[in-house]
Amino acid sequence: MRKLGMIGGMSWVSTHRYYERINRQIQRDVDPRASAPLLIESLDFAQIYQLDTSEDWQRGAKVLIDSAKRLANAGAEQLIICANSMHKVYREVQAEVDVPILHIAECVGERMAADGVKQAALIGSRNVMTEGFYRRRLVAHGVDLLPPEMGDADELNRIIYEELMVGKARKDSERTLKSMFSRLENDGAKAIVLANTELELLVDVNANVLPIYDCMRIHADAAAKWIIGG
């Protein structure tokens, strides 16, 4: 099996979910006693919390670049960034390391294209929902995305940063997500792209009004497949 480097720590919750998902896939597909050869750097989330200005994002990019270099120097043959929002600086990080970085939106776009999904709603933190760095990659795979509602983006940002990233999952937030998904279905969405690694704490991915594309699961499964050699 090949060695994967994980840049984690956008929150420990998402790092834990990636670790568990990848190892369960390895256990299933390789051997019940097998575990994934992983190098994990869990960053201090407080350093990259709610980046806003261009200077903030430059600082955030440097944190990820330094982490990527350490993992590559330690022997990682491929890297993943365990956060949707931090893929905003994907190009900057990839330019500074020789090992490939598996892009989360590319994995999701490929899965949706294979399933024939043409119309979807993108759900996540504000920058993922409203900026082009993530949306463009899904559109390139033939997925037409509903325009983001700024009220939804603001409310999701609050839920993600104030609740989920500190390990809290509130019932009223769960109801908010259900109502949001029903409205998006009425607006024409045929699927939901769950582009935040903590939102599964509130969303039942396997039983919802619309098919849910959980980006963390898809990304982790692609990473596990690469580890095995697929």
Report task. Excluding residues on the same chain fewer than 8 positions from residue 171, give the lysines whose Cα lies under 28 Å from its Cα. Result -> 190
Report summary line: Any lysines whose Cα falls less than 21 Å from that of residue 88, other than same-chain ones fewer than 8 residues away, would be 62, 69
Query raised in the report: Just the accessible area for residue 57, please: 1.4 Å probe, Å², rounded to the nearest 10?
Result: 30
Report task. With a 1.4 Å probe and every protein chain kept in, tell me what percent of the accessible surface of the chain is carbon plus sulfur. Result -> 46
Report task. Could you state how much accessible area residue 45 has, in square angstrom rounded to the nearest 10, with a 1.4 Å probe and all protein chains kept in place? Result -> 40
Query raised in the report: Of 87, 107, 176, which is farthest on the positive side of the dipole of the chain, counting Cα position, with +1 on Lys and Arg Cβ, -1 on Asp and Glu Cβ, and the Cα centre as origin?
Result: 107
**Report entry** Per-residue SASA entry for residue 225, accessible area with 1.4 Å probe, Å² rounded to 10
**Finding:** 130
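For the full complex of protein chains and a 1.4 angstrom probe, list 228, 26 by accessible area with the highest value first. Write down the numbers at each step before the final one.
Numbers: 228 70, 26 0 Å².
Sorted descending by solvent-accessible area, the residues read 228, 26.
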Report summary line: With residue 129 itself left out, Lys, Arg at +1 and Asp, Glu at -1 over residues whose Cβ is under 9 Å from its Cβ give -1
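State whether the range 141-230 is rounded, prolate or oblate according to the following rule on the C-alpha gyration tensor (a ≥ b ≥ c being the square roots of its eigenvalues): a/c under 1.5 gives rounded; otherwise a/b larger than b/c gives prolate, and the remaining case gives oblate. Don't skip to the end; give the middle numbers.
Details: a/c = 1.96, a/b = 1.28, b/c = 1.53.
Cα axes put the range 141-230 in the oblate bin.
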Query raised in the report: Taking the Cα centre of the chain as origin and charging only Cβ (+1 Lys, Arg; -1 Asp, Glu), how large is the dipole, in debye to the nearest 20?
Result: 500
Report summary line: Any aspartates and glutamates whose Cα falls less than 14 Å from that of residue 178, other than same-chain ones fewer than 8 residues away, would be 152, 155, 200, 204
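Order 145, 201, most accessible first, counting only protein heavy atoms with a 1.4 angstrom probe. Spell out each step's value before the answer.
Values: 145 20, 201 80 Å².
Putting 145, 201 in descending order of accessible area: 201, 145.
The values are calculated or read from the model by the stated rules, or taken from the named source; none is laboratory data. Please read these numbers as outputs of a predicted model, since none were measured by experiment. Backbone-built Cβ (ideal geometry, glycine too); neighbour counts: all protein chains shown. For the accessible areas, the whole protein counts, side chains as well, though only heavy atoms, and no ligand, DNA or RNA atoms are used. Shrake-Rupley method; radii C 1.70, N 1.55, O 1.52, S 1.80 Å.
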